[in-house]
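Quick notes on the structure that follows.
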Amino acid sequence: MRVIGLMSGTSYDAIDAAAADLRFDGDRLVLTPLGLLSQPYPSGIRDELAGSLPPASTSMEQVCRLDTGIGQAFAEVARQAVGQLCGGSADLIVSHGQTVFHWVDGGTVRGTLQLGQPAWIAEATGTTVVSDLRARDVAAGGQGAPLVSIIDVLWLRGRPGVPIALNLGGIANITVVHGEPVAFDTGPANALIDALVTELTGRPYDVDGAMAGRGRVHGELLDRLLAEPYYGRPAPKSTGKELFNLGYLARALEGLPEIPADDLVATVTWLTARTVADAVRRYGGTEVIASGGGIRNPVLMHQLASELGAVPLRSTDELGLPSAAKEAYAFAVLGFLTVNGLGGTVPSCTGARHPSVLGSITPGARGLPIVPADARPPVSLTIE
């Protein structure tokens, strides 16, 4: 089955579309990458989105406008992906949508909201769409995150030692692939860095880690940031920009003398490296296999490697899965499992009571994809 995964993470810098051929081979799931394209959000939509996210307030009118605008933006990227990556025809499109709120109350996720009306995608492409993949896991008592954990487990199970998959998006998350797998959000990855750089310079992110590279880590500020109770909570757990935003930084800065801009950026960059490395150490990780936009920040990667010490840090590219496209491919797999009636979660990773078939289905012009009646849950994932 030819499947397109659509993804925009908590950094909301672009919409990624990754296409793959997916098939079952006995108890293996085989993924053949067909390519990735990425398009920035239209500036008006991105600005409206940025202005409505926590800690800002919003209105139902803005929510409706964003749901439509994001859906239309995803639809345009999907249309391009069908033509450029799939030769004009795809069997299924899987849309993560844009997370705008992740409702966590005392460690329990009460709800999660992703915008991007899938009807626009189905109408633009004529293709069946699976969307809203997180809500079912939340309804089953889970965190609704990190959903990519099932792909990490299927793909990395069997490697020696304790491999740990790391995603450095807006929020960092890991999957510990050993024994009963564990997965959780470790804290901020790019979200706090990007917000701070935007506030200080108007630029959307720290290009090549230049500001962090020039700055020096402010020890007292780092200690205050690390005092956030979230870091010490047990897994499974999840978080988002509702917690890790400029308000979190402002509270930590109270009473401190003025800190140079480069030092601020250096400190929040090291915060990401430290909290990720602390999580890896806690679970005895023997290798870290990283993906996500954060791996393009050489200063962050250098700091993380320094914190990890003897634990090797490599990218998913080294194992055959393009790091820039990993999450989009992961959601392609989740939607593929959904249309085959198969669960897409690992309960020990999300904290749910049971595995769930994820998402809602919006039929395309030709109806639902034809799938085998005897599909069985895969035990491994192979990249070919």
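A quick yes/no check of all residues on (1) polar (S, T, N, Q); (2) out of contact with any Pro (no Cβ under 8 Å at 6 or more places or on another chain):
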position	(1), (2)
Lys326	no, yes
Tyr329	no, no
Thr345	yes, no
Gly364	no, yes
Ala373	no, yes
Leu381	no, yes
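Have a look at Leu221, Leu249, Leu256 and point out the one that is crowded, with 16+ Cβ neighbours inside 10 Å and farther than 29 Å from Val182 by Cβ.
Details: Leu249 fails: farther than 29 Å from Val182 by Cβ; Leu256 fails: crowded, with 16+ Cβ neighbours inside 10 Å.
The match here is Leu221.
If Ala20 satisfies all but one of (1) surrounded by fewer than 24 Cβ atoms within 10 Å (Cβ to Cβ); (2) touching a Pro at 6+ places or on another chain (Cβ under 6 Å), what's the number of the condition it fails?
(1)
State yes or no: is Ile289 within 18 Å of the chain's Cα centre (by Cα), under 25 Å from Pro33 (Cα atoms) and either outside any strand (DSSP E or B) or not aliphatic (A, V, I, L, M) (or both)?
It is false that Ile289 is within 18 Å of the chain's Cα centre (by Cα), under 25 Å from Pro33 (Cα atoms) and either outside any strand (DSSP E or B) or not aliphatic (A, V, I, L, M) (or both).
Checking Ala145 against (1) modelled with pLDDT of 95 or more; (2) closer than 23 Å to Pro377 by Cα: exactly one of these is not met. Which one?
The one condition Ala145 does not meet is (1).
What about Ala183, is it open to solvent by less than 10 Å² (accessible area, probe 1.4 Å), more than 27 Å from Pro347 (Cα to Cα), touching a helix residue (DSSP H, G or I) at 6+ places or on another chain (Cβ under 8 Å) and modelled with pLDDT of 95 or more?
The answer is no for Ala183.
Please verify whether Ser43 is surrounded by fewer than 18 Cβ atoms within 10 Å (Cβ to Cβ) and under 30 Å from Arg251 (Cβ atoms), treating the condition exactly as stated. Full working, then the answer.
Numbers: surrounded by fewer than 18 Cβ atoms within 10 Å (Cβ to Cβ): yes; under 30 Å from Arg251 (Cβ atoms): no.
Against the criterion (surrounded by fewer than 18 Cβ atoms within 10 Å (Cβ to Cβ) and under 30 Å from Arg251 (Cβ atoms)), Ser43 does not qualify.
Return the pair list, or none, for Cβ contacts closer than 6 Å from residues in the stretch 280-291 that are charged (D, E, K, R) to residues that are open to solvent by less than 10 Å² (accessible area, probe 1.4 Å), at least 6 apart or on different chains.
Correct list of pairs: Glu287/Pro163.
Counting only residues that are more than 13 Å from Val288 (Cα to Cα) and open to solvent by less than 10 Å² (accessible area, probe 1.4 Å), which one in the stretch 152-170 is modelled with the highest pLDDT?
Here is the first cut: in the stretch 152-170, the residues more than 13 Å from Val288 (Cα to Cα) are 153-155, 157-158, 169-170.
This time we only want the ones that are open to solvent by less than 10 Å² (accessible area, probe 1.4 Å), so: 153, 170.
On the way: Val153: 97, Gly170: 92.
Among them, the one singled out is Val153.
Have a look at Ser149, Ser89 and point out the one that is surrounded by fewer than 20 Cβ atoms within 10 Å (Cβ to Cβ) and hydroxyl-bearing (Ser, Thr, Tyr). Walk me through how you get there before you give the answer.
Numbers: Ser149 fails: surrounded by fewer than 20 Cβ atoms within 10 Å (Cβ to Cβ).
Going through Ser149, Ser89 in turn, the sole match is Ser89.
Looking at (1) modelled with pLDDT under 95; (2) closer than 18 Å to Pro118 by Cβ, which one does Arg376 not meet, given that it meets all the others?
Every listed condition holds for Arg376 apart from (2).
Which is open to solvent by less than 20 Å² (accessible area, probe 1.4 Å), at pLDDT 95 or above and over 30 Å from Glu287 (Cα atoms), of Gln117, Gln98, Gln80?
Details: Gln117 fails: open to solvent by less than 20 Å² (accessible area, probe 1.4 Å); Gln80 fails: open to solvent by less than 20 Å² (accessible area, probe 1.4 Å).
From the options Gln117, Gln98, Gln80, the qualifying one is Gln98.
For residues that are farther than 17 Å from Gly359 by Cβ, open to solvent by less than 40 Å² (accessible area, probe 1.4 Å), assigned to a loop (DSSP other than H, G, I, E, B) and of a type in the set (A, V, I, L, M), tally how many sit in the stretch 295-349.
Total satisfying the criteria: 2.
What number of residues within the stretch 101-114 are within 19 Å of Cys64 (Cβ to Cβ) and open to solvent by less than 60 Å² (accessible area, probe 1.4 Å)?
Count: 3.
Considering only the stretch 200-254, give the helices (runs of 4 or more DSSP H) lying wholly within it that have at least 1 residues that are within 23 Å of Asn167 (Cα to Cα), touching a Lys or Arg at 6+ places or on another chain (Cβ under 8 Å) and aliphatic (A, V, I, L, M). Steps first, please.
Details: elements: 210-214, 219-226, 246-253.
Of the helices (runs of 4 or more DSSP H) lying wholly inside the stretch 200-254, those with at least 1 residues that are within 23 Å of Asn167 (Cα to Cα), touching a Lys or Arg at 6+ places or on another chain (Cβ under 8 Å) and aliphatic (A, V, I, L, M) span 219-226.
The values are calculated or read from the model by the stated rules, or taken from the named source; none is laboratory data. Model, not experiment: these values are computed from the prediction. Backbone-built Cβ (ideal geometry, glycine too); neighbour counts: all protein chains shown. These area figures cover heavy atoms from the full protein model, side chains too; ligands, DNA and RNA do not enter into them. Shrake-Rupley method; radii C 1.70, N 1.55, O 1.52, S 1.80 Å.
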